Amino acid sequence: MKNKHIGSSFNDFLKEEGFYEEATGHAIKRVIAWQLAEAMKEKNISKAEMARQLKTSRTQVARFLDPQNCSVQLDTMQKAAAIVGKRLIIKLEDIPQSAA
């Protein structure tokens, strides 16, 4: 039996299997969580202080910083970014025709 995935990219494989959007979403969340945690360290902002400024609980901040938890609201990400002196930029880009 010939393997249909030989020679294809991992992204092609994820798209064919129907997991590309989910995997991309998880990757984006992991990067944002990591960047936010690093910015918090640089600014010496604890989870408790972040929670106080976001007017939420420390548990909610821990969930937000958990790279496995993808259910974070956009406004929460924007507020957290502002607290550490950053801004969140999200944009739509055209998908190249060869990748569609």
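Coordinate-derived values only; no laboratory data. Just so you know, these numbers come straight off a predicted model, no measurement behind them. Here Cβ is always computed from backbone atoms with ideal geometry, including for glycine, and neighbour counts include all displayed protein chains.
If every alpha-carbon in region 10-90 counts as one equal scatterer, what log10 I(q)/I(0) does Debye give at q = 0.14, 0.20, 0.25 1/Å? Cα-only, vacuum Debye calculation for region 10-90: -0.49, -0.84, -1.20. Ranking of D94, D12 by neighbouring Cβ atoms within 10 Å, starting from the fewest: D94, D12.
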